[in-house]
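What follows is a single structure, written as structure tokens, with notes after it.
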Amino acid sequence: MTVLDELKRLAAAEDFFRVLGVPYDPQVLNVARLHILRRMGAYLVDAAAQDEVDATRQREMCRAQLQRAYDDFTRSTPISERVFKVHKDAVRPAYSGFVGLSELTQPGDET
């Protein structure tokens, strides 16, 4: 069984930290557990950890990406990091459909 197969079977965020041997502060994990695991997944995709590599190297990559994701949330907050779509959408300006009069022109106007 590969490390990725092993990680797929885990249910709790604490299990990821235990299996990969990454120390954590329970207070940080309680606030950002889903964010950390989602960020870890994104980092793994970026690092191409799912390529066929030897089990030792794959475990080290997973451990490093979990540590990297955890560190993101020890320095910042879930809302600031904007991992989930709801947080990303919260900072996008809504389109109002408003067009100012100064933006309107008549055909043939040279403004």
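Computed from the coordinates by the stated procedures, all read-outs in this text should not be read as laboratory data. Because the structure is a prediction, the values reported are computed rather than measured. Because the Cβ atoms are built from the backbone with ideal geometry, glycine has one as well, and the counts that use them run over all protein chains shown.
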Under 1.5 on a/c is rounded, so check that first for the range 5-48, then, if it is not, pick prolate when a/b is larger than b/c and oblate when it is not; a ≥ b ≥ c are the square roots of the alpha carbon gyration tensor eigenvalues. oblate
Just to confirm a number: summing +1 for Lys and Arg and -1 for Asp and Glu over residues other than ARG59 whose beta-carbon lies under 13 angstrom from that of ARG59, what do you get? -2
Do any trypsin sites (Lys or Arg not before Pro) in the range 1-48 lie in a loop, going by DSSP, with at most 11 other beta-carbon atoms within 10 Å of their beta carbon, and if so which? ARG9
